[in-house]
1. Note down the nm distance, to one decimal, between modelled labels 7 Å out along Cα→Cβ at Thr130 and at Val56.
2. Semi-axes of the range 66-140's equivalent ellipsoid from the Cα gyration tensor, sqrt of 5 times each eigenvalue, largest first, rounded to whole Å?
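Readers should treat all values here as calculations from the given coordinates under stated rules, not as data from a laboratory. A quick note: this is a predicted structure, and the numbers were derived from the prediction, not measured. Cβ: placed from backbone, ideal geometry, glycine included. Neighbour counts: every protein chain shown.
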Amino acid sequence: MADIHRAALSPIVLPDIKLTPDWASNPDISIIVSLVYCESDALGYVATEASYADGVTYSFGVFYIKFLDYFQEGKGATAWIASILVGVTLCSGPISSSFVNRFGCRLVTIGGAILGSVCMALSIFAPNVTTLYLTIGVGT
């Protein structure tokens with residue numbers, strides 16, 4: 001009986017704890033570090049601000065009314081712009097996440113912001129709604 005109490009009161013030996021992250025055993029560490037590092041400097045702030053591009057999607061109703069007036073197309077044809085935009089945004093998630101795993105969140109976010117900005121700028125010169133399908137729908 002005394003041996004049981006002595007074993008229960010013996011000091012606990014902790015395993016050897018590394019202070020540096022073990023990248024091989026926890027693949028999520030690189031993602032977490034990338035996100036923290038992305039927020040930690042000036043270029044990270046650009047990447048963060050660029051990620052607010054969802055405002056185009058959420059405020060598309062304002063553009064929709066203007067597109068109806070300007071292009072004189074039907075409501076269904078004009079609504080396809082936003083439909084393609086949302087569909088491409090949601091379906092590109094797996095592709096974007098593989099790019100983030102390979103290149104990091106900063107480069108992927110800034111690259112996406114540049115792509116979206118160029119496509120939005122090209123949509124200014126769109127002669128018809130079909131061009132907006134590509135520039136706003138697919139490109140943004």
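1. 2.2
2. Working: eigenvalues 153, 36, 9 Å².
Semi-axes, largest first: 28, 13, 7 Å.
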